[in-house]
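Student: I'd like to ask some things about the structure below.
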Amino acid sequence: KASYENVAKKWIPELRHYAPGVPVILVGTKLDLRDDKQFFLDHPGTVPITTAQGEELKKLIGAAAYIECSSKTQQNVKVVFDAAIKVVLQPPKQKRRKKRKAQKACSIL
């Protein structure tokens, strides 16, 4: 939970300060623990971050993607790296500008 809260409070502001414009992928790790009943018995009061919470944080910080993975089971690890490659290789999205009406001009030669 502390890591989750530090993303928006600490890490993203630091990243935006030292590396403005760099795309961000939010990665939820230790996905295998979500289904590990013994872990929660051994660590009472611990509550896993839900996918919905991860997606909400992704929107809050403006991340390009939110991916959950487990290095222990290798679930979605390749997906994380594929997403990072895709984000780097994609050109940044251009903001749409309002088209100005063509101005009529008079030229004297």
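The values are calculated or read from the model by the stated rules, or taken from the named source; none is laboratory data. Owing to the predicted nature of the structure, the values given are computational and were not obtained by experimental measurement. Glycine also receives a Cβ, built like all others from the backbone with ideal geometry; neighbour counts cover every protein chain displayed.
Student: For the condition of a type outside the set (Lys, Arg), free of Cβ contacts under 8 Å to residues at least 12 places away in the same chain, surrounded by fewer than 13 Cβ atoms within 10 Å (Cβ to Cβ) and at positive phi, what is the one hit in Gly62, Gly45?
Tutor: That would be Gly45, the only listed residue that is of a type outside the set (Lys, Arg), free of Cβ contacts under 8 Å to residues at least 12 places away in the same chain, surrounded by fewer than 13 Cβ atoms within 10 Å (Cβ to Cβ) and at positive phi.
Yes/no per residue for (1) modelled with pLDDT of 90 or more; (2) over 15 Å from Ser3 (Cα atoms); (3) not in a loop (DSSP other than H, G, I, E, B):
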position	(1), (2), (3)
Arg34	yes, yes, yes
Phe40	no, yes, yes
Gly54	yes, no, yes
Val79	yes, yes, yes
Val87	yes, yes, yes
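Student: In the range 1-18, which residues are within 15 Å of the chain's Cα centre (by Cα) and either of a type in the set (Phe, Trp, Tyr) or assigned to a loop (DSSP other than H, G, I, E, B) (or both)?
Tutor: Scanning the range 1-18 gives Tyr4, Trp11.
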